[in-house]
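S.K.: The structure under discussion is supplied below as structure tokens; questions concerning it will follow.
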Amino acid sequence: MKKRFVSIALCIAFAGTLLAGCGSENTTDSSSSTADISVSEESIDSEEETYELVVTSHDPRTSATGEFLEAWAAAVREASDRRINIIIQHNSTLASANESYDYVLEGKTDIAWGLQSAYADEFPITEVFSLPMLDIEDAVQGSEALWKFYNETDYLDEEYSKVHVLLLHTNCQSPIALVDQKVTTAEELAALNIRANDGPAALMAENLGATPVSVTINGLYGSLLNRECDAAITDWHAIRSFALNGVCDYYLDENMGVSTYFMVMNLDSYNSLPEDLQKILDETSAEAIQYASIWNEYEDEVRDLITSVDPRAIYTFSDEEEAKLQAAAEETAADWIEEINELGYDGQAIYDKAVECIEAVKQ
């Protein structure tokens, strides 16, 4: 069977033949190009082409993201009768969290799974789903709500106009992970340096009176260990996958929001696929939203792990102190709406629609 590799990132051209290829160092059939050169033009035209697509991710293979991407890749291979082969470059081996989206735009990879908050200026409207203390209970609900919002409105069209969107989804909720201080009041939080993603999480930290610190997830363990940060707003999955439970002693289990993720494809790579494979890739990627349940499983496991060591490590505020968190969250939402208004959009309408989608898919 003829193989046609469409990965823009690592192309190899064979002059004088009808064959062109593109693949990564992980290509499984290294002899196929040489063999194909000797195949007659007639036999090539009669055979179905296969395509290899390279994906970059900044999370480890042994993480919820790794499991999610591997499950999705297997589903794509099966649905396409192995005409599409997905090669995943985990753990920033191809691009970091701050590079993945640019790599797709520049054609250095076919597909990127990544974090919108790493590109705060690119995805301001998507941030609505990361606002703190929304009624998002788990990763599946958050993912279904974001995907519904994307498909039923045109609010996100401009943000993703430079790429082909395969899926948008969320992770599970984020507590405030604390190195060694069990804070019991909002005033105590105000004295801390808190790692927070750019956007709503950083706004929330500021509205609590704390100092937000920007640190990539891959560098967070070291920053907490060295006390460059006193605490971190990050999801339960990351606490396990990046071993943050090895450096944090306490977890304020309040709803600090979810992170949003993109799985987007280079437009030239997508357009290089025949229409039937485009359809299969789109449908299989949309169906992969079911795998968001992996983040929920990671949350359950890390909660059990932490409480098995110290049953009091995970805790909540009193009603009085939680009301202060809620006030800060409402201030954060108001700040976000104002920022969106300044960009020329109706921030309140966008916020209201997001809340409507969240409630519509609530289990």
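S.K.: Once you sort the root eigenvalues of the Cα gyration tensor of the range 201-310 as a ≥ b ≥ c, which label holds: rounded (a/c under 1.5), prolate (a/b larger than b/c) or oblate (the other case)?
M.R.: prolate
S.K.: Mind ranking Arg77, Arg82 by accessible surface for me, highest first, 1.4 Å probe?
M.R.: Result, largest first: Arg82, Arg77.
S.K.: Based on the mean of other Cβ atoms within 10 Å per residue, sort peptides 200-209, 335-344, 265-274 so the most packed one is first.
M.R.: In decreasing order of mean packing, 200-209, 335-344, 265-274 become 200-209, 265-274, 335-344.
S.K.: Rg to Rh ratio, the range 131-251, alpha-carbon atoms and Kirkwood radius?
M.R.: 1.02
S.K.: Per residue of the chain, what 222 nm ellipticity follows from adding -39500 (n - 2.57) for every DSSP H run with n ≥ 4, rounded to the nearest 500?
M.R.: -12000 deg cm²/dmol
S.K.: Between beta-carbons, use under 13 Å as the cut-off and find the net charge around Thr216, counting Lys and Arg +1, Asp and Glu -1.
M.R.: Every neighbour counted, the sum reads -3.
S.K.: Could you compute how fast the chain diffuses translationally, taking Rh as the Kirkwood radius over C-alpha pairs and applying Stokes-Einstein at 20 °C with viscosity 1.002 mPa s? Give it in µm² per second.
M.R.: D = 99 µm²/s.
S.K.: Summing Lys, Arg as +1 and Asp, Glu as -1, what charge do residues with Cβ under 12 Å from the Cβ of Ser130 carry, Ser130 excluded?
M.R.: Net charge in that neighbourhood comes out at -3.
S.K.: Over the range 267-363, average the accessible area per residue using a 1.4 Å probe and give it in Å², no decimals.
M.R.: 55 Å²
S.K.: Same structure again: Using only protein heavy atoms and a 1.4 Å probe, report how much of Glu152 is accessible, in Å² to the nearest 10.
M.R.: Its accessible surface works out to 110 Å², give or take rounding.
S.K.: Determine, for the chain, the count of lysine pairs separated by eight or more sequence positions (or lying on different chains) whose alpha-carbon distance falls under 22 Å.
M.R.: Close lysine pairs found across the chain: 11.
S.K.: So how exposed is Lys182, as accessible area in Å² (1.4 Å probe, rounded to 10)?
M.R.: Solvent-accessible area, nearest 10 Å²: 90 Å².
S.K.: Each residue of the range 196-203 in turn: what ³J(HN,Hα) in whole Hz from Karplus with 6.51, -1.76, 1.60 and θ = phi - 60°, glycine and Pro shown as x?
M.R.: Per residue, the Karplus-derived 3J(HN,Hα) values read 8, 4, 4, x, x, 5, 5, 4 Hz.
S.K.: Something else now. Rank Ser57, Ser293 by accessible area, highest first, at a 1.4 Å probe radius?
M.R.: The ranking, largest first, comes out as Ser293, Ser57.
S.K.: ³J(HN,Hα) across the range 225-237 via Karplus (A = 6.51, B = -1.76, C = 1.60, θ = phi - 60°), whole Hz, x for Gly/Pro?
M.R.: 4, 8, 6, 5, 10, 8, 7, 8, 8, 7, 6, 4, 4
S.K.: Quick check: with the 1.4 Å probe, what order do Thr56, Thr211, Thr185 take by accessible area, largest first?
M.R.: Thr211, Thr185, Thr56
S.K.: Answer rounded, prolate or oblate for the range 254-352, using the Cα gyration tensor with square roots of eigenvalues a ≥ b ≥ c: rounded when a/c is under 1.5, else prolate when a/b is larger than b/c, else oblate.
M.R.: oblate
S.K.: Can you tell me which of Asp110, Asp154, Asp135 moves the most in a GNM of the chain? Springs connect C-alpha atoms under 10 Å apart.
M.R.: Of the options given, Asp154 has the highest mean-square fluctuation.
The values are calculated or read from the model by the stated rules, or taken from the named source; none is laboratory data. Just so we're clear, the structure is a prediction, and the values are computed from it rather than from any experiment. Cβ atoms come from the backbone with ideal geometry, glycine included; neighbour counts cover every protein chain shown. For accessibility, only protein heavy atoms count, side chains too; no ligands or nucleic acids. Shrake-Rupley method; radii C 1.70, N 1.55, O 1.52, S 1.80 Å.
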